[in-house]
């Protein structure tokens with residue numbers, strides 16, 4: 001499933017193609033994705049200007065404005081969803097694909113196609129000013145690339161927690177957008193055993209430990225590097241121009257079961273364990 005870097009890469013790709021444009025037509029080629037489309041979705045958004053595209057955690061937020069109303073289309077890529085941009089000239093030659101479920105026709109002739117073979121993605125509408133209070137969004141923690149996510153916050157949320165640190169960091173109420181790939185990579189760089197309790201991040205006074213102070217900037221660095229690389233493509237993920245992400249070529253832990261640890265003078269190999277149904281990859285020698 002796409003994580004923060006992949007969704008942010010998609011947002012950055014869509015923004016110059018969609019911001020300030022008017023949605024002339026919204027084509028829905030089926031009645032549902034993961035959720036059923038609002039019955040008046042097309043009628044509500046057609047003729048509206050796309051004021052901005054933001055991201056919150058792993059959700060895309062398309063803000064539509066008119067003289068009287070403002071709506072936000074909340075989107076999620078699911079397992080296999082992707083947006084592809086076709087310029088006016090490209091759109092003339094575009095061959096429709098089996099899983100092209102939604103098409104945005106813009107006033108400059110651009111077509112934005114949402115394709116999703118597995119249909120775990122979705123597009124749901126939130127009325128004016130309501131997207132932040134939407135049940136999908138309201139309980140999400142701070143964005144990890146902002147100042148709101150710091151060692152003090154992470155320590156406060158980790159104090160006394162006996163659950164393992166890997167699952168703790170995947171909790172979207174703790175920090176937004178982190179997923180399996182980037183948590184594995186961050187814990188490797190920080191040399192933290194993913195089976196250790198999350199409480200190692202906080203002192204008895206709920207202050208950040210040295211481990212916590214080390215981990216937070218590592219999380220930020222990995223996400224920034226992954227965004228710069230266009231995210232990670234393991235299966236279906238594509239950027240809006242159809243290109244693959246490239247960060248998967250820099251993995252040092254995720255997906256490397258049985259391969260040699262990259263740490264100098266370490267003779268161990270990366271192992272895989274399962275935590276709450278998810279694969280965790282780490283070095284049993286380096287990560288303590």
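We did not get these values from a lab; they are worked out from the coordinates using the rules stated. These numbers come from a predicted model, not from an experiment. Heads up, the Cβs are rebuilt from the backbone with ideal geometry, glycines too, and the neighbour counts pull from every protein chain shown.
Residue count for region 269-278 under the criterion of being surrounded by fewer than 14 Cβ atoms within 10 Å (Cβ to Cβ) and at negative phi: the result is 1.
For region 228-258, the set of residues classified as part of a helix (DSSP H, G or I) and either buried (at least 19 other Cβ atoms within 10 Å of the Cβ) or touching a residue at least 40 places away in the same chain (Cβ under 8 Å) (or both) consists of 247 only. Within the option set 191, 156, 210, 204, being touching a residue at least 60 places away in the same chain (Cβ under 8 Å) and surrounded by fewer than 21 Cβ atoms within 10 Å (Cβ to Cβ) holds for one residue only, 191.
What is the residue count in region 200-214 for residues that are over 26 Å from the mean Cα position of the chain (by Cα), assigned to a helix (DSSP H, G or I) and under 13 Å from residue 152 (Cα atoms)?
Of the residues in region 200-214, 1 are over 26 Å from the mean Cα position of the chain (by Cα), assigned to a helix (DSSP H, G or I) and under 13 Å from residue 152 (Cα atoms).
The residues of region 1-50 that are part of a loop (DSSP other than H, G, I, E, B) and under 14 Å from residue 75 (Cα atoms), listed by number, are 1, 2, 3, 33, 34, 35, 37, 38.
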